[in-house]
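In what follows, a structure is listed as structure tokens, so that the remarks can point back to it.
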Amino acid sequence: YSAAANRLVFSQRTNVATLWMVNTDGRGHRQVFPDENIQQSHVSPDGNTLVLQVGDEKMLPTLMIREISGSRQEFLFPFDFNVGRVFPIWSPTGNSISYLEVARGCRRPYAKILDLAGGRRVRDLGEGVISKWISDSVVQVRRNSSRDTLRPNYSVGTLFNLNTNQESFFFRDS
């Protein structure tokens, strides 16, 4: 959903995924980008840019940004046979993008943040899944808990402060 909650962007899958946009009142249904294998998308806070998870037949997925107007596009990472980048989420101000990095053959994703405003630096938050941004400096991360014998996979929620590198317990699924 856009920040103003007036547009919804979704991926329609047939044999090749395409991106569609519709107003939340049901009008204005249109195909946005028919030319990519778009698997996930997230609208920037200003509503003008999408971060896209795109696929390639032989490589793992990667991320790109694209203006909704079509005036600019840029791959954030090249396609790679060994590393996939998935589930992108914009920060509240649009200065950063969180995503997951998964190595071929590895089931465990690593939470990453790409700082678009600060030289494209990538921060590795370790194994886990970024659920959402709380603010531009705090993200919610789901991690494994060895203490949870029934559901050890991503059963603990923590808040990670990007400014201080401190992580605090938020919740446990049980």
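The values are calculated or read from the model by the stated rules, or taken from the named source; none is laboratory data. The structure displayed is predicted, hence computed values, not measured ones. Counting neighbours? That spans all protein chains shown, and the Cβs are built from the backbone with ideal geometry, glycine included. Surface accessibility is based on the protein's heavy atoms, side chains included, excluding ligands, DNA and RNA. Shrake-Rupley method; radii C 1.70, N 1.55, O 1.52, S 1.80 Å.
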Item to check | Per-residue SASA entry for residue 87, accessible area with 1.4 Å probe, Å² rounded to 10 | outcome: 110 Å²
Item to check | Of the GluC sites (Glu not before Pro) in segment 20-95, those whose Cβ has at most 12 other Cβ within 10 Å and which sit in DSSP loop | outcome: 57
Checklist entry - Which loop-located trypsin sites (Lys or Arg not before Pro) does segment 35-95 contain, where loop means any DSSP state but H, G, I, E or B and the Cβ has at most 16 other Cβ atoms within 10 Å? => result 58, 72
Checklist entry - In a shell of Cβ-Cβ distance under 12 Å around residue 125, excluding residue 125 itself, what net charge do Lys and Arg (+1) and Asp and Glu (-1) give? => result 0
